[in-house]
Structure formats: C-alpha cells, structure tokens
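A short worksheet on the structure shown next.
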Amino acid sequence: MSVEPPTLVIRTIPAMPEPHVITALAKKRAELSGDIETTQAKLRQMILDLESLDKTLLMFDPDYRIEAIRPKAFRPPDDWSKRGEMTRIILGILRQATEPMTSSDIAVQLIAERALDQTDAKLQRLMTKRVGVALRGMRDREVARSKPGPGMSVLWERSTI
C-alpha cells in the first residue's frame with residue numbers, strides 16, 4: 001500500500017481595492033469632468049461670439065466673404081515644448097508608424113497632435129527642422145535609426161534594441 005504525498009493547495013484571495021486609490025481616482029475623474037464642462041461652455045460662448053461678429057461684419061458689408069477669413073495661426077513660443085516633450089511625441093509617432101517616415105511626415109503629425117495650424121508653411125518648415133534635430137539626437141543615443149529614402153530624403157524608424 002503506497003501513501004500519496006499531500007497536495008499543496010494555494011487559494012488566491014481577490015484583491016480588495018485600496019480605499020485611498022479609489023478616492024483619488026474618483027477625485028481626479030470629477031476634476032477632469034469639470035474641466036471638460038468648463039471648456040465646452042467656453043467653446044459654446046466663443047462660437048456665439050464668432051456668429052455675432054460675422055453678423056456685424058455683414059451689416060457693414062453684406063457681400064463680404066466671411067469664409068475667406070483664415071483663422072489666425074497660433075505661433076508657438078521658442079520654448080513651446082517642455083524639455084523632452086518633442087522627443088516623447090516623436091517616439092510616439094514612430095511607435096505607431098507601420099513604415100519608416102521622413103522628418104517632414106513626422107512634423108506634419110506632430111503639428112496635428114499639438115493642434116497647431118496645419119496650413120502654415122513657415123511653421124511646417126520650422127517643425128521639420130526641429131524634428132530633424134531631435135531625430136539626430138535620438139540616433140546618436142541609438143533610440144532611432146535612419147536610412148536613405150527616395151531622392152535626398154532620409155527615412156526614420158525606432159531602433160529595435
């Protein structure tokens with residue numbers, strides 16, 4: 001007659017949420033929800049103000065083409081991004097890319113993500129230069145790599161280290 005060794009049974013107890021974590025998350029959600037409501041109210045007021053301004057313009061010149069007025073571009077200051085913010089955005093763009101990208105393509109996406117004026121050619125050139133500088137720094141740190149692209153272009157992708 002053989003005796004089986006006893007079996008060790010480990011039972012897991014479902015994790016109980018920490019009350020302070022739940023409280024902090026609920027507080028943060030309430031704060032964010034309030035910010036959204038405030039922003040929506042400001043946006044509604046801005047739309048009403050714009051409509052009033054359009055009506056006033058048309059009172060003075062009924063034939064004025066309001067749609068021809070281009071929105072004034074936001075000009076980011078020289079220090080528009082906090083240290084490392086541009087690098088983080090670029091890495092995020094490269095992470096989501098399905099194929100290598102030019103610095104110009106990356107700059108277009110960066111401008112869109114930052115909600116800047118996508119039709120501003122001067123801003124596009126500036127951001128392309130800044131993206132190029134950031135990418136070369138990432139290449140030096142072996143975070144990104146480059147390879148020749150069509151014509152004179154350079155294609156960029158994340159390093160797979």
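Bear in mind that the values in this text are calculations on the coordinates, not laboratory data. Note that the structure is a prediction, hence the values are computed from the model and not measured. So basically every Cβ, Gly included, is an ideal-geometry build from the backbone, and we count neighbours across all protein chains shown.
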### Query
Can you list, bin by bin at 5 Å, the percent of alpha carbon pairs in segment 25-161, starting at 0?
2, 8, 14, 14, 13, 12, 11, 10, 7, 6, 3, 1, 0
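Rg over Rh of segment 19-68, using C-alpha atoms and the Kirkwood radius, what does it come to?
Reported Rg/Rh (Cα atoms, Kirkwood Rh): 1.44.
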### Task
Just subtract the alpha-carbon distance of Arg136 and Lys42 from 0.36 nm times their residue separation and send over the number in nm, one decimal.
29.8 nm
### Task
Could you list which residues have their amide H under 5 Å from that of Ala144, counting only those 5 or more apart in sequence or on another chain, with H placed in the peptide plane?
Arg139, Ser159
### Neighbour net charge for Leu53 - beta-carbon separation under 14 angstrom, K R +1, D E -1
-3
### Amide H partners (placed H, <5 Å) of Gly149, local residues excluded
Val154, Leu155
### Task
List, in order, the whole-Hz ³J(HN,Hα) value for each residue of segment 22-29 obtained from phi through the Karplus relation with A = 6.51, B = -1.76, C = 1.60 and θ = phi - 60°; use x for Gly and Pro.
4, 4, 5, 5, 5, 5, 5, 5
### Phi-based couplings in Hz for segment 135-145 (Karplus 6.51, -1.76, 1.60; Gly and Pro marked x)
5, 5, x, 5, 5, 4, 8, 6, 8, 10, 9
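How big is the equivalent ellipsoid of segment 85-158 along its three axes, where each semi-axis is √(5λ) from the Cα gyration tensor, reported in whole Å from largest to smallest? All intermediate terms of the calculation are to be shown ahead of the outcome.
Details: eigenvalues 69, 38, 25 Å².
Semi-axes, largest first: 19, 14, 11 Å.
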